[in-house]
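First the structure, in the form of structure tokens, and then the observations on it.
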Amino acid sequence: MRKEAGFTLIEVLAALLIFSTAIMGLMHAGTENIRAVQVLEKKQLAGIVADNQLLLALNSQTAIKPGTRQDDVQMAGRDWLWKIRTEDTGTAGFYRLTIEVKEKTSEQILVRRTAFTAHKQLARVRTEQ
């Protein structure tokens, strides 16, 4: 009687089990990577919205005064909510602007940035002297 070469059914099933476990792990890692990229994309776009709104606030023709302003804006096919809080710093004519940006459909704040500025009328008076 001659012994035939090849794999037994048990060996084939064990190999398939190991292979499928490895494939499942790779699929999970790929899915997590895609989620991480999506979160980074949202944060990057929210950062652009924050930068744009801060620049508009700092270069506005109206005088800066303490208070809160908020509005929504559309960028990259998404709706964003932003809120700028202007606070007095305790130094005359010097203000802190804090902006928070989130997606319109979410309560999670994606970006919070802070900027400082001097009162525009005070700066004009100093340059004229």
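Just so you know, all these numbers are worked out from the coordinates, no wet-lab data involved. Here the structure is a predicted model, which is why all the values come from computation and not from measurement. Ideal geometry is used to build each Cβ from the backbone, glycine not excepted, and the neighbour counts take in all protein chains shown.
Along segment 26-40 the Karplus relation, 6.51 cos²θ - 1.76 cosθ + 1.60 evaluated at θ = phi - 60°, assigns HN-Hα couplings of 5, 5, 5, 5, x, 5, 5, 5, 5, 4, 5, 5, 5, 5, 5 Hz to successive residues, with x for each Gly and Pro. Calculated mean residue ellipticity, 222 nm, the chain: -16500 deg cm²/dmol, from DSSP H runs (n ≥ 4) at -39500 (n - 2.57) each, averaged per residue and rounded to 500. Each of Glu11 and Ala76 was given a label point 7 Å from its Cα along the Cα-to-Cβ line. The distance between the two points is 5.3 nm. By its C-alpha gyration tensor, with a ≥ b ≥ c as the square roots of the eigenvalues, how is segment 9-128 shaped: rounded for a/c under 1.5, else prolate for a/b larger than b/c, else oblate? Here segment 9-128 falls in the prolate category.
Remark: segment 103-111, residue by residue, has Karplus-estimated 3J(HN,Hα) of 6, 4, 8, 9, 9, 6, 6, 8, 9 Hz, where x stands for each Gly or Pro and the curve is 6.51 cos²θ - 1.76 cosθ + 1.60 at θ = phi - 60°.
Which order do the peptides 67-73, 7-13, 101-107, 50-56 come out in when sorted by mean C-beta neighbours inside 10 angstrom, highest first?
Result, highest mean first: 50-56, 101-107, 67-73, 7-13.
A 24 angstrom limit on the alpha carbon distance is what I want to check against. Which of Lys43/Lys104; Lys42/Lys83; Lys42/Lys65 exceed it? In this structure, Lys42/Lys65 lie more than 24 Å apart at Cα.
If R0 equals 22 Å, the separation of the Cβ atoms of Thr114 and Gln44 corresponds to a calculated FRET efficiency of about 0.75. 3J(HN,Hα) along segment 65-71, derived from phi through the Karplus expression 6.51 cos²θ - 1.76 cosθ + 1.60 where θ = phi - 60°, amounts to 9, x, x, 10, 10, 8, 6 Hz, with x in place of Gly and Pro. For the chain, relative contact order (Cα pairs under 8 Å, six or more residues apart, normalised by length) works out to 18 percent. Simple spin-label estimate for Glu103 and Ile23 gives 3.1 nm between the two label positions (7 Å along the Cα-to-Cβ direction from each Cα).
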